[in-house]
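The next block holds one structure in the form of structure tokens; read it before the comments.
The values are calculated or read from the model by the stated rules, or taken from the named source; none is laboratory data. This structure is a prediction, so every number in the text was calculated from the model and none was measured. FYI the Cβ positions are ideal-geometry reconstructions off the backbone, even for glycines, and counts take in every protein chain you see. Keep in mind that these areas ignore ligands, DNA and RNA; they rest on the heavy atoms of the full protein, side chains included. Shrake-Rupley method; radii C 1.70, N 1.55, O 1.52, S 1.80 Å.
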Amino acid sequence: WGGEKELGRSRRHQFVLANPVLATSSMSSLEQKKFPVNTPKFWGGEKELVAKCIEDGWISSEGPQVKEFEKSMAERCGRKYAIACANGTAALDIAVKALGLGEGDEVILPTFCIISCITQIVRGGSVPVLVDCGDDFNMSVAEVASKITPKTKAILCVHTYHFPVDMKPILDLAKEKGIKVIEDAAEMIGQTCMGRPCGSLGDVSTMSFYPNKHITTGEGGIVLVDSPELAESCQELRNLCFSARKRRFVHDDLGWNYRMTNLQAALGLAQLKHLDAAVARKREIGRLYSKLLEGCPGLVLPPDQNAHGEANIYWVYGVEVSSQVPLDAEAVMQKLAEVFVGTRPFFWPMHEQPVFQKMGIFETSSNGSSNYPVAERIARRGFYIPSGLALTDEDCGEVARRVRATMTEICAANGVKSA
């Protein structure tokens, strides 16, 4: 129910009365409010820029705002070239093919990620080689080093939820071995790593502008590179492999129609002006939640900094159900849904995806133990609560109140003592 309107007042009133977590004597509108997991924020200026596209007749991918958005994103991320495209999945597809990854090439990536990270690797005939993650939800650098073989051609680093991947040792290793690095920075727009912008660290970097990202174009993505040859390849792959060097409708390769429209780019330009404010607000929301939920029974809260001193960007506010609680994340999320708190589960590991199990592309442990214990644990015990930029402090307070009340009730019912 992430984007639906709230229930009618009479039905909502009955629902609240039936749920002690929500029931209060005052029955204020805030206490009855339904909180989707994400609501995007429009800062002002978006409507005018989008309307101008319509007034000028430039609505397709040929419009000038696309190039302006690409230029602005390249500058913001410290890259020479940016190639705007239809979505973050499209950006990853383009990145994999532009690097020439193909049959038999091994690509190391985390098992804990969204399926779009692996799709083109598999479809292109490359071999995905999985690594577990650490408690920061990012890929294990030690495992990356142990999985490199003569067939390894690329490492896909996926910055996840709160912090960037520990990139320095991976970049050093990749340089030493002659391995390409793809950086998926979809969740870290505006974040830094090693003093550099996320999106500037890979041979090819990608981003997504879905409505839950720090800036949105509705749907949209971007590929970021420094190599002019890679940039040209990405531009052609985005546009059905039309080439400036060939007669129109003559193609040397197969690409996609992954173009971004001028309308989307106009929205992105307006949003980009407020990226610093968006990141600052995300951190305010995250720190407020941590303050309000401190000591909440049955929950493990995210840290504000990682071991490298980088600040949590709180793309989402992700929590874990502690091991003392017999319920998994799905059961807790259902309880929270009953009190109108929207949630989403953490990613489901790639090695446990039914589609890949049917294909038989990942080996299972011979002794029955897990090769990816952290990913399996957090997939079952992790979820995130409403984290959208449109949340007010009052909204955060009410969400935290319901979360705390729900977890207190769950722990009491299951004999779990408060910390």
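Remarks
- Residues satisfying the stated conditions in the stretch 314-333, i.e. in contact with a Ser or Thr (Cβ under 9 Å, 6 or more places away or on another chain), more than 20 Å from Val374 (Cβ to Cβ) and either without any contact (Cβ under 8 Å) to a residue 24 or more places away in the chain or part of a loop (DSSP other than H, G, I, E, B) (or both): Tyr314
- Options Val300, Val339: the member that is over 30 Å from Cys77 (Cβ atoms), among the β-branched types (Val, Ile, Thr) and without any contact (Cβ under 8 Å) to a residue 60 or more places away in the chain: Val300
- Filtered by the rule that a residue be more than 14 Å from Ser72 (Cα to Cα), crowded, with 18+ Cβ neighbours inside 10 Å and out of contact with any Lys or Arg (no Cβ under 8 Å at 6 or more places or on another chain), the stretch 222-232 gives a lone residue, Leu230.
- Subset of the stretch 256-314 [hydroxyl-bearing (Ser, Thr, Tyr) and either surrounded by fewer than 21 Cβ atoms within 10 Å (Cβ to Cβ) or out of contact with any helix residue (DSSP H, G or I) (no Cβ under 9 Å at 6 or more places or on another chain) (or both)]: Ser290
- Among all residues of the stretch 372-394, there is none that is in contact with a Lys or Arg (Cβ under 8 Å, 6 or more places away or on another chain), in contact (Cβ under 8 Å) with a residue 40 or more places away in the chain and charged (D, E, K, R).
- The set of residues in the stretch 181-215 that are surrounded by 19 or more Cβ atoms within 10 Å (Cβ to Cβ) and among the charged types (D, E, K, R) comprises Glu183, Asp184, Glu187, Asp203, Lys213.
- Top-ranked residue in the stretch 236-278 [being part of a helix (DSSP H, G or I) and under 19 Å from Gly124 (Cβ atoms); ranked as farthest from the chain's Cα centre (by Cα)]: Glu236
- Of residues in the stretch 360-387 being within 21 Å of Lys147 (Cα to Cα) and among the hydrophobic types (A, V, I, L, M, F, W, C), the one most open to solvent (accessible area, probe 1.4 Å): Ile361
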